[in-house]
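To keep things clear, I will list the structure first and then write my remarks on it.
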Amino acid sequence: MSNPSTDHDSIAALPVIEMAMSFYQSRVLMSALELDVFGALADGPLARPALEERVGLHSRVSEDFLDALVALGLLARGESGYANSELADRFLVKGRDTYVGGFAEMGGASLYPLWMKLTDLLRTGEPQIPPGGNFFQGLYQRPEAARKFMDAMDTFNDEIAAKLSAAADWSGFERLVDVGGARGDLSVRLVERHPGLSAVCFDLPQIEPLFKERVADSGVEDRVTLHGGDFVTDELPPADVYVFGHILHGRDLDQRQGLVNRAYAGLRPGGCLFVFDRMIDDARNERHLSLLGSLGMALVSKIGSEYTPGTCRSWLDAAGFETVSVEPLGATDTLVVARKPA
Ligand SMILES: C[S@@+](CC[C@H](N)C(=O)[O-])C[C@H]1O[C@@H](n2cnc3c(N)ncnc32)[C@H](O)[C@@H]1O
């Protein structure tokens, strides 16, 4: 006979309960950013009534909401009221260079409603955006959502620029093409690091207003240009370095191989291709964020999915590249560096 006290062991079940409710946390973080709670506390603590007034919080729910943020480690509560925790002060105050809330803002604006349709995706295999809809074409019709998406994309570009710079000898590189380079943020950061380098940001033409906004007055605007086009069908402009950041995961297998082949053709001998994505571990059983992210890709695209470094190497080998290195990039990504033989 089964023993009820072990069958219904709530302590042992806690990981399951927490997993089931983890959307509470995501949603509370998204709302805190929508209300700009951390911005309101950037200059110091505020008593609850003052904070309610500042961010527009109703008194019926403010105590539970703010105390939940305390329990989550994002606020601290003391004699002077509520204050940002060290973590929130570092990463969740909008406008600071270290701000990473773009991911949660993008989640709130674009992804959270889509994930409610996960079961429909799992039953049908169909993306859950409007029929015939293209995620990016739809996104660029909503400038505020597009800006949030870009903020999220750009969050770790300083770290990425440093890592890419350390992963190869850039001394002979004069021309970089960032394929799917978004509003040009990574191009700007790489050009800033390498005085002899100029960059072409190759992205959809609709990116132009956001590109202009980012690149104008960057101090390197004369060395960063936009090439508006479609990287699936258009030639890649010739280069010494190509960057494929978070683009292969959005394409089907033939298009991935096709892009890698075209990079090989467009590179000068000795040139480098940098590929990074939120790659799955080769054994496909550890990197749960990548595996979940792969489902996220399927929600927005008929063809998108994450992939493993091993699969990436097979595309590079088939094109003729030498793989130089495979290494972690930041907290969630993997960087594969490939070189066209000299
Ligand atoms: C996921 S974002 C990655 C942005 C950036 N490379 C990064 O790693 O943060 C993909 C980018 O590719 C662009 N893109 C998508 N499809 C494209 C296409 N067919 N041709 C050109 N750009 C495209 C999007 O506009 C977007 O900026």
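Note on the stretch 246-268: among residues that are surrounded by 15 or more Cβ atoms within 10 Å (Cβ to Cβ) and aliphatic (A, V, I, L, M), the one that is nearest to the chain's Cα centre (by Cα) is Ile247.
Taking the criterion of being free of Cβ contacts under 8 Å to residues at least 12 places away in the same chain, under 23 Å from Gly138 (Cβ atoms) and near the ligand (Cβ under 8 Å from one of its atoms), would at least one residue in the stretch 222-233 satisfy it?
Step one: of the stretch 222-233, the residues free of Cβ contacts under 8 Å to residues at least 12 places away in the same chain are 222, 233.
So of that shortlist, the ones also under 23 Å from Gly138 (Cβ atoms) come out as 233.
Checking the rest, the ones that are also near the ligand (Cβ under 8 Å from one of its atoms) come to 233.
Within the stretch 222-233, one or more residues are free of Cβ contacts under 8 Å to residues at least 12 places away in the same chain, under 23 Å from Gly138 (Cβ atoms) and near the ligand (Cβ under 8 Å from one of its atoms).
For the stretch 14-46, taking the residues that are under 18 Å from Ala88 (Cβ atoms) and small (Gly, Ala, Ser), the one that is surrounded by the fewest Cβ atoms within 10 Å (Cβ to Cβ) is identified as Gly44.
Based on this model, can you work out whether Ser187 counts as outside any loop (DSSP other than H, G, I, E, B), polar (S, T, N, Q), at pLDDT 95 or above and closer than 25 Å to Ala166 by Cβ? So Ser187 fits the description; yes. Give the number of residues within the stretch 116-145 that are closer than 27 Å to Phe211 by Cα, within 16 Å of the ligand (Cβ to nearest atom) and not charged (D, E, K, R). Final tally of qualifying residues: 13. In the stretch 272-288, the count of residues that are assigned by TED's automatic domain parsing to the domain that holds Val177, assigned to a strand (DSSP E or B), farther than 23 Å from Asp97 by Cβ and out of contact with any Leu (no Cβ under 8 Å at 6 or more places or on another chain) is one or more. Meeting the requirement of 1 or more residues that are farther than 30 Å from Gly39 by Cβ and assigned by TED's automatic domain parsing to the domain that holds Glu192, the helices (runs of 4 or more DSSP H) wholly within the stretch 97-178 are 157-166.
In this structure, Val243 does not satisfy being away from the ligand (no atom under 13 Å from the Cβ), modelled with pLDDT of 95 or more and surrounded by 21 or more Cβ atoms within 10 Å (Cβ to Cβ).
Out of everything in the stretch 190-201 that is more than 16 Å from the ligand (Cβ to nearest atom) and outside any loop (DSSP other than H, G, I, E, B), what residue ends up being farthest from the chain's Cα centre (by Cα)?
The initial filter retains those residues of the stretch 190-201 that are more than 16 Å from the ligand (Cβ to nearest atom), namely 192-198.
Then drop every residue that is not outside any loop (DSSP other than H, G, I, E, B), which leaves 192-193, 198.
On the way: Glu192: 22, Arg193: 22, Ser198: 24 Å.
Only one residue tops the list, namely Ser198.
The values are calculated or read from the model by the stated rules, or taken from the named source; none is laboratory data. Everything quoted here is computed from the prediction, not taken from an experiment. In this analysis, Cβ positions are derived from the backbone assuming ideal geometry, glycine residues included, and neighbour counts consider all displayed protein chains.
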